[in-house]
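What follows is calculated from the coordinates using simple rules that are stated; it is not laboratory data. In this text the structure is predicted, and so the values were computed from the model without any measurement.
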Amino acid sequence: MKSYKAYSDSEYLKKEDFPEPETLTICEVREEEVTAPGKETKLKVVIYFDERQKGCVLNLANGAVLELITKTDIPDKWIGTRVRVYHDPNVEFGGKKVGGIRFAPVRKPMPPRGSKTVKPPPAPGRPVFPAKPVLRSSLDDDDERRRQRQEMPAAAAEDDTDGDGVPY
C-alpha cells in the first residue's frame, strides 16, 4: 500500500506517487502559476505524462536530465520523450534530506545472455581500427634485415661498404 501522503488532494505529482520507479511518456509541457505551501505564486514549467493525470512541476535538476536526454533546453521539444520517474530519498531542500521526484534516462534492455550482438558499421568517414594494437619492436627490424640479407645475392652480401668488417 502507498503512503497515506499519496492520498492527499495535491494538484501535482509528489514523491509519494512513486513507491516504485515508472517509465512515463511526456505528452504535454506548459507554464502554470504554482503556489507552494507558504510561498508566493510563481510561473513554473509543468510536465504532463500520458500515463498520469496530474502534472509534475519541473525543477532544475529534472530539467537538466531532460536536456541531457533530448539535447535541447526547449521544453516544447520534450514531448514524446520517455523518462524514468522515481522517488529519490536523498534529495535535499534547505539543507535537510526530504526526498523528491527525480527523472532518469530510460535504459535500453540488455540482450539475453548467450545472444550474439552485431556491432553497427562505423560511421562514414571514420577510420576502422584493428581490435588489438599491432606492436613493433627493434627485434622486428633485426628480423627484417636478416630476411633482406637472405634474399640478397651472395656477392652483394659480402660487400662491406662501410669498412667495419661486417657485411652490409
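Which pairs in the list Lys42/Lys71; Lys15/Lys97; Lys14/Lys54; Lys42/Lys77; Lys39/Lys77; Lys54/Lys108 are over 19 Å apart, alpha-carbon to alpha-carbon? If you can, show how the numbers build up before the last one.
Values: Lys42/Lys71 26 Å; Lys15/Lys97 13 Å; Lys14/Lys54 9 Å; Lys42/Lys77 23 Å; Lys39/Lys77 30 Å; Lys54/Lys108 27 Å.
Over 19 Å Cα-Cα: Lys42/Lys71; Lys42/Lys77; Lys39/Lys77; Lys54/Lys108.
Each principal axis of the Cα atoms in segment 9-105 has its own extent, and those three values, largest first, are 33, 28, 25 angstrom.
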